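Contents: one structure, followed by commentary.
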Amino acid sequence: MSPVGEILLSSTTRFTAQCADPDAAPALGSFVVVDSPPGSAVAVVAEVRAASADPNRRPFAYGLDPDELYRQQPQLRDLLTTEFDALLIGHDQGGGWRQLLPPQPPRLHHLVYAAPPDVVRAVAEGGDWLRTLAAAEAADDVLAAAVRASLAALDPGSVRETLIATGRTLARLLGDDYDRLQALLRRIQR
């Protein structure tokens with residue numbers, strides 16, 4: 001399996017990674033894993049951004065379609081970068097996946113991979129990770145995208161039951177904010 005990124009900044013709640021391939025960034029709401037002592041951690045992609053690799057230089061428009069631009073200016077591929085932020089939602093220190101923040105942040109320069117479906121299922125089971133995302137600065141679109149990604153990792157026969165349980169969990173978490181709950185449920189169904 002190829003890495004999707006390398007960690008550049010890390011804490012016990014989130015990390016920032018630079019994409020291995022700027023054109024293959026993980027999708028918003030997708031699950032990613034990183035193996036970093038003392039164990040592995042799983043996170044949800046909360047933001048993806050493209051920018052100049054040099055923070056003191058801002059890209060500017062050339063007015064060309066991308067193929068023509070890179071044909072005329074091949075060095076641009078080396079001058080641009082794509083990064084993503086991911087919110088940590090669980091970890092494994094050899095005893096199975098737990099829906100808890102890791103005791104230590106993932107280490108810098110460790111590689112990040114797309115989470116395999118069995119890891120997504122193990123971490124998403126029970127719904128405690130929803131509380132972590134709902135309490136974070138994550139937008140509701142991130143939460144909805146993460147729920148859709150977790151449902152995609154399930155066996156088709158268990159999607160409906162899990163979707164109902166997820167709706168109930170979100171209703172408890174959001175309390176009296178009926179409008180936010182309705183908007184979230186609509187986003188999940190898209």
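Residue pairs, Cβ under 8 Å, 6 or more apart or interchain, first in the stretch 112-130 and under 22 Å from Pro37 (Cα atoms) and modelled with pLDDT of 90 or more, second among the charged types (D, E, K, R) and not in a helix (DSSP H, G or I). List them.
From the stretch 112-130, the pairs are Val112/Glu6.
Name the residue that is surrounded by the fewest Cβ atoms within 10 Å (Cβ to Cβ), counting only residues in the stretch 10-41 that are among the aliphatic types (A, V, I, L, M) and assigned to a strand (DSSP E or B).
Filtering the stretch 10-41 for residues that are among the aliphatic types (A, V, I, L, M) and assigned to a strand (DSSP E or B), the one surrounded by the fewest Cβ atoms within 10 Å (Cβ to Cβ) comes out as Val32.
Please count how many residues of the stretch 1-13 are modelled with pLDDT under 95 and under 12 Å from the mean Cα position of the chain (by Cα).
The qualifying residues number 0.
Return the pairs, sorted by first residue and then second, in which the second residue is surrounded by 14 or more Cβ atoms within 10 Å (Cβ to Cβ) and among the β-branched types (Val, Ile, Thr), the first residue lies in the stretch 155-179 and is under 16 Å from Ala134 (Cα atoms) and modelled with pLDDT of 90 or more, the beta carbons are less than 9 Å apart, and the residues are 6+ apart or on different chains.
Pairs found: Thr166/Val147; Thr166/Ile188; Gly167/Ile188; Leu170/Val147; Leu170/Ile188.
Quick check on the stretch 63-87: of everything there that is among the hydroxyl-bearing types (Ser, Thr, Tyr) and in a strand (DSSP E or B), which residue is surrounded by the fewest Cβ atoms within 10 Å (Cβ to Cβ)?
Thr81
For residues that are without any contact (Cβ under 8 Å) to a residue 40 or more places away in the chain and not hydrophobic (A, V, I, L, M, F, W, C), scanning just the stretch 75-95, find the one that is farthest from Ala135 (Cα to Cα).
Step by step, filter the stretch 75-95, then rank; the result is Gln75.
Ile7 fails exactly one of the following numbered conditions: (1) crowded, with 19+ Cβ neighbours inside 10 Å; (2) touching a residue at least 40 places away in the same chain (Cβ under 8 Å); (3) within 20 Å of Ala149 (Cα to Cα). What is the number of that condition?
Against the list (1) crowded, with 19+ Cβ neighbours inside 10 Å; (2) touching a residue at least 40 places away in the same chain (Cβ under 8 Å); (3) within 20 Å of Ala149 (Cα to Cα), Ile7 comes up short only on (3).
Would the stretch 88-101 turn up any residue that is within 22 Å of the chain's Cα centre (by Cα), aliphatic (A, V, I, L, M), assigned to a strand (DSSP E or B) and surrounded by 14 or more Cβ atoms within 10 Å (Cβ to Cβ)?
Within the stretch 88-101 (the criterion being within 22 Å of the chain's Cα centre (by Cα), aliphatic (A, V, I, L, M), assigned to a strand (DSSP E or B) and surrounded by 14 or more Cβ atoms within 10 Å (Cβ to Cβ)), the answer is yes, since at least one residue qualifies.
Tell me, yes or no, whether the stretch 98-114 has at least one residue that is under 22 Å from Cys19 (Cβ atoms) and of a type in the set (Phe, Trp, Tyr).
The answer is yes; a qualifying residue exists.
Any residue at all in the stretch 42-62 that is assigned to a loop (DSSP other than H, G, I, E, B) and at positive phi?
Taking every residue of the stretch 42-62 in turn, none turns out to be assigned to a loop (DSSP other than H, G, I, E, B) and at positive phi.
Restricting to helices (runs of 4 or more DSSP H) lying wholly in the stretch 102-190: which have 1 or more residues that are within 14 Å of the chain's Cα centre (by Cα)?
117-124, 128-135, 140-152
Any chance you could count how many residues in the stretch 75-105 are modelled with pLDDT under 90 and over 25 Å from Ser150 (Cα atoms)?
6
The values are calculated or read from the model by the stated rules, or taken from the named source; none is laboratory data. Given the structure is predicted, the values throughout are model-derived calculations rather than measurements. Here Cβ is always computed from backbone atoms with ideal geometry, including for glycine, and neighbour counts include all displayed protein chains.
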